Amino acid sequence: MELRGKNILVIGLGRTGVATAKFLSDRGARVMIADQKAISELGNTAALFKGHADIELGIRDDDTDVLLRTDMIVPSPGVPPSNCLLEEGLRMGIPILSELELASRYLKKPAVAITGTNGKTTTTSLLGRIFEQCGRRVFVGGNIGNPLISYVNGKQEDDFAVLEVSSFQLQWVRQFHPFIAVLLNVTSDHIDYHGSFEEYRSVKERIFACQGTEDYAILNVDDPESEDLSQRLPAGHVVRFSSSSRLKEGIFIDGDCLRYRFDGKDEEYPIRSIRLKGRHNLENTMAAVIAARICGCPPAGIIETLESFTGIPHRIEFAGSIDGVDYYDDSKGTNVDAVYRALEAFHRPVVLLVGGRYKGGDFGVLTHLIRERVKMLIAFGEAGKKILSVIGGIVKTERAEGLKSAVYMARDNASSGDIVLLSPGCSSFDEFKNYEERGMVFKDIVEHMGHEKDERIWANHLQQ
């Protein structure tokens, strides 16, 4: 793909936008960068391009005049299709490529691409760890860690590229061609971005669109649309996984193990070796095992990894214990299905913290799990009132203005043996810049409450 001398518009100057601009500049393109922020607000980010005469900053993300001198547009993940530059660019017939699409055209290594509403990060991280344990050199990135565009700008010395892929990135793909494509699940999410669930699902399925007869598609049998999808896939090999059904071919739960049957193999992976909590994590593990075996990783190395892999930050992560109450950080659970899966992971009474900024989804699907497993429901943030209008009153219910007051309210109502679970089901943008910050604040609050308890104990000891 010839980029030299082309006028290319990059929309959004976050981590991916910066990496994309550098990549394009290194290949002789003239780069124009549009962002919501003025140059004066970009600070250190703008300073990264000081002295680059071929990079133009300061274009507003609603200035459609720039399109008159644009040969190609590369939107950053999260820039919605409704952005006026994208809408007008489409109308004018200007090619629009996501960073993922652009980078993939320069990728020299086989790609394993993983998408889904929930579980992408866990599965991607686990698979990357398996490759490393089994002596494979691997780049792990995409929607997590480093963007793929940064990797292809380097030497590409690894054996595989394992990529987490979001619907934002798949929105503008044309030729993206992973050797292995994984669709973990599809439930309602990002409707505010895609416009409808049907469009969201359609975009997710683009991960398979350019596969060929030598490629592999990995599907979740328990997804209601998977069978219809499997009939439409161009991939030469479809491998399935299920946490609820026995399969003639694929991987499934068989008593106390995961049984893998494919390509003449019949292997067992003990469930007791899997340290991740919850049935959904068995599904994530199944998908990772399939991909690892296709790529030649031996069973012993896979099992050894499963015995040591404890998950990722902010995804049902143990945050501490105070007075016999265990606190779990599931701040990454930003949609209703994630809350459902987190609740399924616990069999002790739960004080559930939900809230933030509503982004779609039906909290009503949680009703029966709340009755079965939740001792108290605390809704916080912008979405608190809306959430309570749907599921308030099923169990003891309270509303809190922000996360801190919600956590202290949970502490005051939890008893020894209970779980306090932050699984918001909403984005973090009403109170925090991202889910990571929200999770870190939650853990800091828990740690502080532990120190408060220690100080009370010490004070009482001194008085005796």
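The values are calculated or read from the model by the stated rules, or taken from the named source; none is laboratory data. Note that the structure is predicted; figures quoted are calculated from it, not measured. Reconstructed Cβ throughout: ideal geometry from the backbone, glycine too, with neighbour counts over all protein chains shown. What goes into the accessible areas is simple: the full protein's heavy atoms, side chains included, and nothing from ligands, DNA or RNA. Shrake-Rupley method; radii C 1.70, N 1.55, O 1.52, S 1.80 Å.
When segment 298-352 is filtered for residues that are at positive phi and either over 21 Å from the mean Cα position of the chain (by Cα) or not aliphatic (A, V, I, L, M) (or both), the ones remaining, listed by number, are 311, 314, 320, 323, 324.
If you go through segment 284-328 and keep only what is open to solvent by 20 Å² or more (accessible area, probe 1.4 Å) and in a helix (DSSP H, G or I), you end up with 293, 294, 299, 300, 303, 304, 307, 308. Need the failing condition index for residue 412 against (1) out of contact with any Lys or Arg (no Cβ under 7 Å at 6 or more places or on another chain); (2) open to solvent by less than 50 Å² (accessible area, probe 1.4 Å); (3) modelled with pLDDT of 95 or more; (4) not β-branched (Val, Ile, Thr), just the number. If we test residue 412 against (1) out of contact with any Lys or Arg (no Cβ under 7 Å at 6 or more places or on another chain); (2) open to solvent by less than 50 Å² (accessible area, probe 1.4 Å); (3) modelled with pLDDT of 95 or more; (4) not β-branched (Val, Ile, Thr), just (2) comes out false.
Summed over segment 369-425, the residues that are more than 19 Å from residue 443 (Cα to Cα), assigned to a helix (DSSP H, G or I) and within 24 Å of the chain's Cα centre (by Cα) give a count of 3. Quick check: anything in segment 329-341 modelled with pLDDT under 95, assigned to a helix (DSSP H, G or I) and of a type in the set (Gly, Ala, Ser)? Taking every residue of segment 329-341 in turn, at least one turns out to be modelled with pLDDT under 95, assigned to a helix (DSSP H, G or I) and of a type in the set (Gly, Ala, Ser). Take segment 235-265 and flag every residue that is surrounded by 12 or more Cβ atoms within 10 Å (Cβ to Cβ), touching a helix residue (DSSP H, G or I) at 6+ places or on another chain (Cβ under 7 Å) and assigned to a loop (DSSP other than H, G, I, E, B). Once the filter is applied, which keeps residues that are surrounded by 12 or more Cβ atoms within 10 Å (Cβ to Cβ), touching a helix residue (DSSP H, G or I) at 6+ places or on another chain (Cβ under 7 Å) and assigned to a loop (DSSP other than H, G, I, E, B), segment 235-265 yields 235, 243.
This table checks each residue for (1) under 14 Å from residue 354 (Cβ atoms); (2) buried (at least 17 other Cβ atoms within 10 Å of the Cβ).
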site: 385; (1), (2): yes, no
site: 389; (1), (2): yes, no
site: 395; (1), (2): yes, yes
site: 403; (1), (2): yes, yes
site: 416; (1), (2): no, no
site: 420; (1), (2): yes, yes
site: 427; (1), (2): yes, yes
site: 430; (1), (2): yes, yes
site: 436; (1), (2): no, no
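Residues of segment 94-108 being open to solvent by less than 10 Å² (accessible area, probe 1.4 Å) and either closer than 17 Å to residue 141 by Cβ or among the aromatic types (Phe, Trp, Tyr) (or both), which ones?
If we filter segment 94-108 for residues that are open to solvent by less than 10 Å² (accessible area, probe 1.4 Å), which is where we start, we get 96-103.
Hits for segment 94-108 are 98, 99, 100, 101, 102, 103.
Determine if segment 201-218 includes at least one residue that is assigned to a loop (DSSP other than H, G, I, E, B) and modelled with pLDDT under 95.
No, the conditions are met nowhere in segment 201-218.
When the helices (runs of 4 or more DSSP H) confined to segment 111-192 are screened for residues that are among the basic types (Lys, Arg), those reaching at least 1 such residues are found at 120-133.
Being in contact with a Gly (Cβ under 7 Å, 6 or more places away or on another chain) and polar (S, T, N, Q) is a condition met by at least one residue of segment 183-197.
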